[in-house]
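A short worksheet on the structure shown next.
The values are calculated or read from the model by the stated rules, or taken from the named source; none is laboratory data. Model, not experiment: these values are computed from the prediction. Heads up, the Cβs are rebuilt from the backbone with ideal geometry, glycines too, and the neighbour counts pull from every protein chain shown. Note: accessible area is taken over every heavy atom of the protein model, side chains too, but ligands, DNA and RNA are not part of it. Shrake-Rupley method; radii C 1.70, N 1.55, O 1.52, S 1.80 Å.
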Amino acid sequence: MRALVFRGPWDLAVEDRPDPTAGPGEVLIGVLSTGICGSDLHGYTGENGRRFPGQVMGHETVGRIVALGAGVEESAGLTEGAVVTVHPVLACGTCPACQAGQDHRCPTKQIIGVAPSISSAFADLMVVPAANVVPLPDSMPADYGALVEPLAVGYHALTRGGCGPDDRVLIVGGGPIGQACALAAARLGAKGIVVSEPHPGRRALLEDIGLATLDPTQVPLADALAGVGGTGSPSLVVDAVGSSRSLADALAVCDEGERVVLVGMHEPQVSIQAYAVSIAERSLVGSYCYSGADFRTTAEWVASGPQELGRLVEGRVSLADAPEAFRALANGEDGSSKVLVFPAGIDAMGSAN
């Protein structure tokens, strides 16, 4: 098979590798498309130190089942040729966190696309445990399957914040995770949703899918909120950037006694205005990844085929063109929100829907 191999910072290449085979309890998947995640880009540049030479990355994926390993029984969703996505968290299943349904908190978990020993989704083929395979209907656009993972991150963040119909929600940052958070707030019935985003292209995308936006570079955030979407001061703020500045902004505009969810990971260490938390009795909630239940709930929503999901994908490239796509995204030459990589070629995807 062909695989996109990370050779070191700013160095990706397509290499031939042996075809994997499905072992007991595993499923062999032919990859249709895989999204380039922000964490992939940070690994590619060497910023996060979480990608290693020789590794095949990729965890936002959709594919078709090629073969079932020994002991994997065919079912309505697990049959050869079925369209599936992959829940990337490989947990032990027996620890207290796993038993409580919080597999993403498993102390021994591995994540497909992050763990260097796992050949992941930027390739023609990949092998995953059957328990992590999530079936999708043939009736939906197959592209949507590669969006389940980032959309699950947003859904988990909003449930961590207790989002509900009475909430006025501000999302700080309109990149792919901010977009996922905004869509999750809408799924959970929030009565007012505004996204703060300085990049005009991202604001246009958000407005195209029916979300109110503001440009924080043109007017102070607190002043701008009053005139956008009729929300007033937000009861729930989601920091989808993850910097000292974005977190300070989130705390500054959140109503007293309300909640701020930190899901962005731009800076590994941030400073915080303690009085903005303690004196105003705001709650600061961390959010990372998603539980298996969150992932499957999101997959069910994606399977219903919401039309706005098609707008989220702004770039499509072949495996051969993926190294250049990574380079252009990482250095800012390409401002596309979400780019998908198609191992079999972009034209081949038409037969997958």
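Computed quantities for the displayed model
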quantity	calculated
Pair list, Cβ under 7 Å, 6 or more apart: segment 252-269 residue on the phi > 0 side of the Ramachandran plot, other residue surrounded by fewer than 19 Cβ atoms within 10 Å (Cβ to Cβ) and among the β-branched types (Val, Ile, Thr)	none
Test: residue in segment 300-314 that is over 18 Å from the mean Cα position of the chain (by Cα) and open to solvent by less than 40 Å² (accessible area, probe 1.4 Å)	no
Residues (modelled with pLDDT of 95 or more and either surrounded by 20 or more Cβ atoms within 10 Å (Cβ to Cβ) or of a type in the set (Asp, Glu) (or both)) located in segment 177-194	Ile177, Gly178, Gln179, Ala180, Cys181, Ala182, Leu183, Ala184, Ala185
Subset of segment 266-292 (residues that are of a type outside the set (Asp, Glu) and surrounded by fewer than 13 Cβ atoms within 10 Å (Cβ to Cβ))	Pro268, Gln269, Ser271, Ala274, Tyr275, Ser278, Ile279, Gly286
Search result, residues across segment 158-174 that are closer than 25 Å to Pro88 by Cα, out of contact with any Leu (no Cβ under 9 Å at 6 or more places or on another chain) and either outside any helix (DSSP H, G or I) or small (Gly, Ala, Ser) (or both)	Gly173
Complete set of residues in segment 307-335 that are in contact (Cβ under 8 Å) with a residue 40 or more places away in the chain and not in a helix (DSSP H, G or I)	Glu308, Val313, Glu314, Arg316, Leu319, Ala320, Gly335
Candidate set: segment 78-91, residues that are farther than 20 Å from Ser291 by Cα and touching a helix residue (DSSP H, G or I) at 6+ places or on another chain (Cβ under 8 Å); chosen: the one most open to solvent (accessible area, probe 1.4 Å)	Leu78
Positions within segment 114-126 being crowded, with 19+ Cβ neighbours inside 10 Å and over 10 Å from Gly63 (Cα atoms), in sequence order	Val114, Ile118, Ser119, Ser120, Phe122, Ala123
Subset of segment 92-108 (residues that are over 18 Å from the mean Cα position of the chain (by Cα), without any contact (Cβ under 8 Å) to a residue 40 or more places away in the chain and open to solvent by 10 Å² or more (accessible area, probe 1.4 Å))	Cys92, Gly93, Thr94, Cys95, Pro96, Ala97, Cys98, Gln99, Ala100, Pro107, Thr108
Gly154 being under 27 Å from Phe295 (Cα atoms) and either surrounded by 24 or more Cβ atoms within 10 Å (Cβ to Cβ) or among the basic types (Lys, Arg) (or both)	yes
Single residue of segment 38-74 satisfying the filter (open to solvent by less than 20 Å² (accessible area, probe 1.4 Å) and out of contact with any Phe, Trp or Tyr (no Cβ under 8 Å at 6 or more places or on another chain)) that is farthest from Asp334 (Cα to Cα)	Gly69
Members of segment 129-140 that are more than 19 Å from the chain's Cα centre (by Cα) and either in a helix (DSSP H, G or I) or crowded, with 20+ Cβ neighbours inside 10 Å (or both)	Ala130, Ala131
